[in-house]
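One structure is given here, and the rest of the page talks about it.
Quick note: the coordinates plus some simple rules give every number you see, no bench work behind them. These numbers come from a predicted model, not from an experiment. Quick reminder, even Gly has a Cβ in these numbers, built from the backbone with ideal geometry, and neighbours come from all protein chains shown.
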Amino acid sequence: MNGARGARRRGGGYERPVGGWSNFEVWSWFFMRLSGLALILLALYHLVWWNLVVGVEHLDSQLVIERWRNPFWRLFNVALVTFAMLHGLNGARYSIEDYVRRPGARLAVKAIVYTVVLGALAVGVFALLTFDPAVLLQRS
């Protein structure tokens, strides 16, 4: 482990890392809290809207296309995917630091995980921003 993370807390978890604001671990610690809160709010809104307000029985491609035309909802989905992937990546980084002991192996595992997650994030954001709902209209 790199030792920059805060001390272990009794009962699990870690204290806020010590160090100045230039410390990566401090920013990482804050990002986990803020992205977790953002994910809760974004995911709850998404679930409540589509499952309770709209209702799954009324959900069809036309409704999705109408909503997709609004740039706000595209950015909402980009934010949801981005926060989820980066929050998960940061959590994976913590786990790798905790459980992969050898520095060479740790570097290799991090490289693989970062490549897969950031690649999936790039594909997801690209799809969200470039998908054209008119393609669905032509097929129906």
Given charges at beta-carbon only (K, R positive; D, E negative), |dipole| of the stretch 24-139 in Debye: 400
Sum of side-chain charges, Leu118 neighbourhood, beta-carbon under 15 Å (Lys, Arg +1; Asp, Glu -1): +2
Pairwise label distance in nanometres, Asp132 with Leu34, each label 7 Å out on the Cα-Cβ vector: 3.7
Residue-by-residue Karplus 3J(HN,Hα) for the stretch 71-87, coefficients 6.51, -1.76, 1.60, Hz, glycine and proline x: x, 4, 6, 5, 5, 4, 5, 4, 4, 4, 5, 5, 4, 5, 5, 6, 5
The stretch 29-81 versus the stretch 101-115: alpha-carbon centroid distance in Å: 33
Distance (nanometres) between label positions extended 7 Å along Cα→Cβ at Val78 and Leu52: 2.9
Cα pair distances of the stretch 54-140 binned at 5 Å [whole percent]: 3, 12, 17, 16, 14, 11, 9, 7, 6, 4, 1, 0
